[in-house]
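Read through the structure below, which is laid out as structure tokens, and then see the notes.
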Amino acid sequence: MRWPLLVFAATALTSPAAGQPIDRQALVTRHNVTLTRVDPHAPLMLGNGNLGFTADITGLQTFPEQYSTIAPLLTMAQWAWHSFPNPRGYTERDGLVMVPVPGRGAQPYPWIRDWSEIAQRPALQWLRENPHRFSLGRVSLALLRADGTQARFADITGTRQRLDLWSGALVSSFVFDGQPVTVETRVHPSRDMVMVSIRSPLVASGRIGVDVRYPGISAKLNPDPSDWTHDEAHRTRVLSQRAGQLVAERTLDTTHYYSAIGAPGGMIARAGPHRFRVLRQGGDRLDATVSFERTRQQPGAYAVAAVATHWRDYWMHGGAIDFSGSTDARAAELERRVVLSQYLAAINQTGEVPPQEEGLFSNSWNGKFHLEMPIFHTGHWASWGRPQLLERSLGWYLKMLPQAQQLARRHRVRGAWWSKMAGPNGWNSPSTVNPFIMWQQPHPIYLAELVYRAGGDQAALAKYGEMVEQTAALLASWPRREGSRYVLGPPIIPVQENHPPLTTLNPAFELEYYRWALRTAQHWRERRGLARNAEWDRVIAGLAPPPERDGLYLPVESGPDFWRTSAAPECSRHATPPRCLNRDHPSFLMAFGLIPGSRVDRATMRRTLAATEAHWDLRQTWGWDFPVIAMTAARLGDPEKAVEWLFRDVPNNRWGVSGMTPRVHLQEEKQLIGPAAGTSGPGPDGPGFARAAETYFPSNGSLLLAVGMMAAGWEGSDGVAPGFPRRGWKVRAEDIRPLP
């Protein structure tokens, strides 16, 4: 059966009546975001998937001091990467150390045994920090008092802001010096360009306009890489200027980009080494555009219709879920989270390289992407009927394939070995953890399979066949033969990262994920008219089953006492390192949630899910854990529990007004997670917690993946919306594909 036919059946059955399509405009616009005051943790975002622009309550970036230090009001692009000078010529090899690998001898890994090593090995610092993302500029209001000085935030009153999701417009209004001001902000769909329209009587007197300022790059890259204090460290050169138009070249070390400012009828004047001011004498309206691009371009036109068409097309094509008519009080909130996640994903998760965890909002880990996360960042695009958006970043895997094959040869195995934390060059960043993470290895197969199922044609097989083949070759050659079985590790660190790399053996999820990916790769060979690979079949059959003890699945085979320790009073629900490991990701549940693990026993997994609920320290989980656990509950036939997990009330699963979840850690881990939210007393999440980031986009992507699965089902599921309870829920879904 072709997948599109199966999709039609699944989605048609979830509709209450034939011929009654979802009113998508009503669905989207009822979740428009409205603010009447500053939320210091939730500035709003605009963007086009390539450029992200974060705005304050004025609609631009006028008062950054009103926001938390981890909400820095940046203008970031997927292509905007920079490296500090490298006079010693460090390369990836300078971060490698030899690590013992059972059965294979010592092998080179970019491993930092202890963070104190960085002081003795400067190459480690350089390799971790470079390349890094940076902010392209700040676009703010020139808001001038009668004496010509810049206004302060206290000078404005009556603030109101509305984000129109359907049209991609941010409309902000306030009163300044007794005069009304309205600012409309948009981002162009096909150029990396911010579009601003100001309406106010103050325009005529030159007391309101647009300031454009370009930063250098700070040595402190996270969360805000901008340096506003060292003008001499970078250059802004005007290439051309005429009435209402200016083109400038920006130079930061060896990094170059271009910025063009357009203001029909306006005047553009230099106001500093890296600053321009746009004003207009006469009239009550000022329109301006500010572009940031890799190549020199002329200023762009103020194209409202293009933005509106782009966003309308986005919402009208692809998946949609409508919960209206539900009597469960949680339905409206879930619908809000889903719609806002779709909006934020379109801005932050559709670039030509895999997204970083904070997208284009702020920097974490120097802006590098974590290659275990694309399954959550981008997998939902295919299941929600927009596979072309997933394919944008899949192209990076194709580009990196020769490098991944070279990395596999370094480890004396076949196929393609994918990095864990990297920039666009694919170099694996040195870390205490990163080198031993291995659950990203099957991801290209999972993502390619979703693309194939979304289209069901030969194009995906031709385009991604070699990538799937080489990925599978790694999955078959890296497991180690131990007697009659194949094992994973050591060295390995599982999804749950608190296990030691040199002694950990057979993580439960990784075993089933490797098995599932190899089986899927065999299906790809058959679809391409090729014979099954006999070696792969031997590994599929010989991979160890997921470890268990006392009727419960274990996180890793090398930790047989895990559940006995976790149930002890000193560990249960309150895990204190190092003895209590019942924290971080409960990834063993993913073996029958994210994937349909073929060696998983349902009854054992059901008991394991119950044990997780009883004993896990949910304070120390991450935002994507909750949707993924919901997927496990759904596959086990417990939709009530699936919904409960979506709404588990812990700091990392609290959804703000803008649709973002934070990244929060326990206070005692504060030294490990960078700057907190800039408060002297308890932070926004209460005593005992430290907020490290205002957003964590894997939460949004995993929610879309999970809710789509709960609504459209999965291979072999029965009934309509099988992941939702029958009572209290009315689920209408369109154009969503079942998951494997």
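Take the residues in the range 118-128 that are within 25 Å of the chain's Cα centre (by Cα) and in contact (Cβ under 8 Å) with a residue 60 or more places away in the chain; name whichever of them is surrounded by the fewest Cβ atoms within 10 Å (Cβ to Cβ).
The initial filter retains those residues of the range 118-128 that are within 25 Å of the chain's Cα centre (by Cα), namely 125-128.
Going one step further and asking which of them are in contact (Cβ under 8 Å) with a residue 60 or more places away in the chain, we end up with 127-128.
Values: 127: 23, 128: 21.
Selected residue: 128.
Give all pairs with beta carbons closer than 6 Å in which a residue from the range 150-163 that is touching a residue at least 12 places away in the same chain (Cβ under 8 Å) meets a residue that is polar (S, T, N, Q) and part of a strand (DSSP E or B); count only pairs at least 6 apart in sequence or on separate chains.
If the second residue must be polar (S, T, N, Q) and part of a strand (DSSP E or B), the pairs left are 160/173; 161/172; 162/34.
Checking the structure you have, find out if any residue of the range 240-252 is among the basic types (Lys, Arg), touching a strand residue (DSSP E or B) at 6+ places or on another chain (Cβ under 7 Å) and buried (at least 16 other Cβ atoms within 10 Å of the Cβ). So that I can check it myself, show each step before the final result.
Narrowing the range 240-252 to residues among the basic types (Lys, Arg): 242, 250.
Those still in the list that are touching a strand residue (DSSP E or B) at 6+ places or on another chain (Cβ under 7 Å) too: 250.
Imposing the further condition that a residue be buried (at least 16 other Cβ atoms within 10 Å of the Cβ) reduces the set to 250.
There is at least one residue in the range 240-252 that is among the basic types (Lys, Arg), touching a strand residue (DSSP E or B) at 6+ places or on another chain (Cβ under 7 Å) and buried (at least 16 other Cβ atoms within 10 Å of the Cβ).
Among the residues of the range 253-269, write down those that are among the hydroxyl-bearing types (Ser, Thr, Tyr) and surrounded by fewer than 16 Cβ atoms within 10 Å (Cβ to Cβ). Give the derivation first.
Kept after step one, since they are among the hydroxyl-bearing types (Ser, Thr, Tyr), are these residues of the range 253-269: 254-255, 257-259.
Those that are among the hydroxyl-bearing types (Ser, Thr, Tyr) and surrounded by fewer than 16 Cβ atoms within 10 Å (Cβ to Cβ): 254, 255.
Step by step: first the residues of the range 204-245, then only those that are touching a Gly at 6+ places or on another chain (Cβ under 8 Å) and in a strand (DSSP E or B), then the one that is nearest to residue 176 (Cα to Cα). Which residue is that?
Filtering first and then ranking leaves 209.
Just checking, does the range 624-631 include any residue being more than 25 Å from the chain's Cα centre (by Cα), within 19 Å of residue 510 (Cβ to Cβ), surrounded by 18 or more Cβ atoms within 10 Å (Cβ to Cβ) and among the hydrophobic types (A, V, I, L, M, F, W, C)?
Step one: filter the range 624-631 for residues more than 25 Å from the chain's Cα centre (by Cα), giving none.
No, the range 624-631 contains no residue that is more than 25 Å from the chain's Cα centre (by Cα), within 19 Å of residue 510 (Cβ to Cβ), surrounded by 18 or more Cβ atoms within 10 Å (Cβ to Cβ) and among the hydrophobic types (A, V, I, L, M, F, W, C).
Filter the range 216-244 down to the residues that are in contact with a Leu (Cβ under 8 Å, 6 or more places away or on another chain) and free of Cβ contacts under 8 Å to residues at least 12 places away in the same chain and list them by number.
The answer is 240, and nothing else.
Within the range 72-90, how many residues turn out to be in contact with a helix residue (DSSP H, G or I) (Cβ under 7 Å, 6 or more places away or on another chain) and of a type in the set (A, V, I, L, M, F, W, C)? Spell out the reasoning first.
Pass one, the range 72-90, residues in contact with a helix residue (DSSP H, G or I) (Cβ under 7 Å, 6 or more places away or on another chain): 72-73, 84, 86, 90.
Restricting the remaining residues to those that are of a type in the set (A, V, I, L, M, F, W, C) gives 73, 84.
The qualifying residues number 2.
Would you check if there is a residue in the range 204-213 being touching a helix residue (DSSP H, G or I) at 6+ places or on another chain (Cβ under 9 Å), more than 27 Å from residue 79 (Cβ to Cβ) and aliphatic (A, V, I, L, M)?
yes
Identify, please: which residue in the range 501-546 is hydroxyl-bearing (Ser, Thr, Tyr) and within 30 Å of the chain's Cα centre (by Cα) and is, among those, farthest from residue 432 (Cα to Cα)? Reasoning before the result, please.
Kept after step one, since they are hydroxyl-bearing (Ser, Thr, Tyr), are these residues of the range 501-546: 503-504, 513-514, 520.
Those left that are additionally within 30 Å of the chain's Cα centre (by Cα): 504, 513-514, 520.
Details: 504: 15, 513: 24, 514: 24, 520: 32 Å.
Among residues in the range 501-546 that are hydroxyl-bearing (Ser, Thr, Tyr) and within 30 Å of the chain's Cα centre (by Cα), the one farthest from residue 432 (Cα to Cα) is 520.
Please work out if residue 183 is hydrophobic (A, V, I, L, M, F, W, C), touching a Phe, Trp or Tyr at 6+ places or on another chain (Cβ under 9 Å) and assigned to a strand (DSSP E or B). Show your work before the answer.
Working: hydrophobic (A, V, I, L, M, F, W, C): yes; touching a Phe, Trp or Tyr at 6+ places or on another chain (Cβ under 9 Å): yes; assigned to a strand (DSSP E or B): yes.
Judged against the criteria, residue 183 is a match.
Restrict the check to the range 270-293 and report whether at least one residue is without any contact (Cβ under 8 Å) to a residue 40 or more places away in the chain and either in contact with a Pro (Cβ under 9 Å, 6 or more places away or on another chain) or exposed (fewer than 14 other Cβ atoms within 10 Å of the Cβ) (or both). If you could, list the steps in order and put the result at the bottom.
Filtering the range 270-293 down to residues without any contact (Cβ under 8 Å) to a residue 40 or more places away in the chain leaves 270.
Retained after the next criterion (residues that are either in contact with a Pro (Cβ under 9 Å, 6 or more places away or on another chain) or exposed (fewer than 14 other Cβ atoms within 10 Å of the Cβ) (or both)): none.
No, there is no match, as no residue in the range 270-293 is without any contact (Cβ under 8 Å) to a residue 40 or more places away in the chain and either in contact with a Pro (Cβ under 9 Å, 6 or more places away or on another chain) or exposed (fewer than 14 other Cβ atoms within 10 Å of the Cβ) (or both).
So the check is Cβ under 8 Å with 6+ separation or different chains; which pairs have a first residue in the range 380-408 that's closer than 19 Å to residue 738 by Cβ and in contact (Cβ under 8 Å) with a residue 40 or more places away in the chain and a second one that's among the aliphatic types (A, V, I, L, M) and not in a helix (DSSP H, G or I)?
Within 8 Å, the pairs are 383/736; 383/739; 384/736; 385/736.
In the range 18-102, which strands (runs of 3 or more DSSP E) lie fully inside it and hold 1 or more residues that are over 22 Å from the mean Cα position of the chain (by Cα)? Walk me through how you get there before you give the answer.
Values: elements: 33-35, 44-47, 51-55, 75-77, 97-101.
Because the criterion is at least 1 residues that are over 22 Å from the mean Cα position of the chain (by Cα), the strands (runs of 3 or more DSSP E) in the range 18-102 that meet it are 33-35, 97-101.
Please work out which one of (1) touching a residue at least 12 places away in the same chain (Cβ under 8 Å); (2) surrounded by fewer than 22 Cβ atoms within 10 Å (Cβ to Cβ); (3) of a type outside the set (S, T, N, Q) is the condition residue 313 fails and give its number.
Against the list (1) touching a residue at least 12 places away in the same chain (Cβ under 8 Å); (2) surrounded by fewer than 22 Cβ atoms within 10 Å (Cβ to Cβ); (3) of a type outside the set (S, T, N, Q), residue 313 comes up short only on (1).
Of everything in the range 14-29, what is out of contact with any helix residue (DSSP H, G or I) (no Cβ under 9 Å at 6 or more places or on another chain) and at pLDDT 95 or above? Give them in sequence order.
At the first step, the residues of the range 14-29 found to be out of contact with any helix residue (DSSP H, G or I) (no Cβ under 9 Å at 6 or more places or on another chain) are 15-17, 19-23, 26, 29.
The answer is 21, 22, 23, 26, 29.
Six or more apart or on different chains, Cβ under 6 Å: which pairs go from a residue in the range 129-140 that's over 16 Å from residue 81 (Cβ atoms) and touching a residue at least 60 places away in the same chain (Cβ under 8 Å) to one that's of a type outside the set (A, V, I, L, M) and outside any loop (DSSP other than H, G, I, E, B)? Could you list them?
Within 6 Å, the pairs are 138/213; 140/211.
With respect to residue 269, is the statement that it is closer than 28 Å to residue 81 by Cβ and either in contact with a Ser or Thr (Cβ under 6 Å, 6 or more places away or on another chain) or of a type in the set (A, V, I, L, M) (or both) true?
Numbers: closer than 28 Å to residue 81 by Cβ: no; either in contact with a Ser or Thr (Cβ under 6 Å, 6 or more places away or on another chain) or of a type in the set (A, V, I, L, M) (or both): yes.
It is false that residue 269 is closer than 28 Å to residue 81 by Cβ and either in contact with a Ser or Thr (Cβ under 6 Å, 6 or more places away or on another chain) or of a type in the set (A, V, I, L, M) (or both).
Does residue 32 fit the bill of being touching a helix residue (DSSP H, G or I) at 6+ places or on another chain (Cβ under 8 Å), surrounded by fewer than 19 Cβ atoms within 10 Å (Cβ to Cβ) and not aliphatic (A, V, I, L, M)? Break it down stepwise before answering.
Details: touching a helix residue (DSSP H, G or I) at 6+ places or on another chain (Cβ under 8 Å): no; surrounded by fewer than 19 Cβ atoms within 10 Å (Cβ to Cβ): yes; not aliphatic (A, V, I, L, M): yes.
Considered against the rule, which asks whether it is touching a helix residue (DSSP H, G or I) at 6+ places or on another chain (Cβ under 8 Å), surrounded by fewer than 19 Cβ atoms within 10 Å (Cβ to Cβ) and not aliphatic (A, V, I, L, M), residue 32 comes out as no.
Does residue 515 satisfy the condition of being crowded, with 24+ Cβ neighbours inside 10 Å, within 22 Å of residue 379 (Cβ to Cβ) and basic (Lys, Arg)? Write out each step before concluding.
Details: crowded, with 24+ Cβ neighbours inside 10 Å: yes; within 22 Å of residue 379 (Cβ to Cβ): yes; basic (Lys, Arg): yes.
Against the criterion (crowded, with 24+ Cβ neighbours inside 10 Å, within 22 Å of residue 379 (Cβ to Cβ) and basic (Lys, Arg)), residue 515 qualifies.
As an exercise: evaluate residue 115 against (1) surrounded by fewer than 23 Cβ atoms within 10 Å (Cβ to Cβ); (2) within 24 Å of residue 427 (Cα to Cα); (3) modelled with pLDDT of 95 or more; (4) of a type in the set (A, V, I, L, M, F, W, C) and give the number of the one condition it does not meet.
Answer for residue 115: the failing condition is (3).
Could you please tell me which pairs satisfy a Cβ distance under 8 Å, a separation of 6+ or placement on different chains, a first residue in the range 483-512 that is buried (at least 24 other Cβ atoms within 10 Å of the Cβ), and a second residue that is basic (Lys, Arg) and not in a strand (DSSP E or B)?
From the range 483-512, the pairs are 511/599; 512/599.
Condition first: more than 23 Å from residue 485 (Cβ to Cβ), buried (at least 23 other Cβ atoms within 10 Å of the Cβ) and without any contact (Cβ under 8 Å) to a residue 40 or more places away in the chain. Can you find one or more residues in the range 559-582 that meet it?
Looking for residues that are more than 23 Å from residue 485 (Cβ to Cβ), buried (at least 23 other Cβ atoms within 10 Å of the Cβ) and without any contact (Cβ under 8 Å) to a residue 40 or more places away in the chain, one finds at least one in the range 559-582, hence yes.
Scan the range 411-441 for residues that are touching a strand residue (DSSP E or B) at 6+ places or on another chain (Cβ under 6 Å) and under 17 Å from residue 473 (Cβ atoms) and jot them down.
Listed by number, the list holds a single entry, 411.
I want to confirm something. Restricting to the range 445-467 and keeping residues that are buried (at least 22 other Cβ atoms within 10 Å of the Cβ) and small (Gly, Ala, Ser), which single residue is farthest from residue 540 (Cα to Cα)?
Result: 454.
Which of the following residues is polar (S, T, N, Q), out of contact with any Phe, Trp or Tyr (no Cβ under 6 Å at 6 or more places or on another chain) and closer than 29 Å to residue 722 by Cα: 565, 621, 608, 576?
Details: 565 fails: closer than 29 Å to residue 722 by Cα; 608 fails: out of contact with any Phe, Trp or Tyr (no Cβ under 6 Å at 6 or more places or on another chain); 576 fails: closer than 29 Å to residue 722 by Cα.
Selected residue: 621, the only one of 565, 621, 608, 576 that is polar (S, T, N, Q), out of contact with any Phe, Trp or Tyr (no Cβ under 6 Å at 6 or more places or on another chain) and closer than 29 Å to residue 722 by Cα.
Check whether at least one residue in the range 437-444 is surrounded by fewer than 18 Cβ atoms within 10 Å (Cβ to Cβ) and under 30 Å from residue 735 (Cβ atoms), and report yes or no.
Scanning the range 437-444, I find no residue that is surrounded by fewer than 18 Cβ atoms within 10 Å (Cβ to Cβ) and under 30 Å from residue 735 (Cβ atoms), so the answer is no.
Looking at 155, 177, can you tell me which residue is on the phi > 0 side of the Ramachandran plot and of a type in the set (D, E, K, R)?
On the way: 155 fails: on the phi > 0 side of the Ramachandran plot.
Checking each option against the conditions leaves just 177.
The values are calculated or read from the model by the stated rules, or taken from the named source; none is laboratory data. Values in this document were obtained by computation on a predicted structure and should not be read as measured data. Note: ideal-geometry Cβ built from the backbone for every residue, glycine included; neighbour counts use all protein chains shown.
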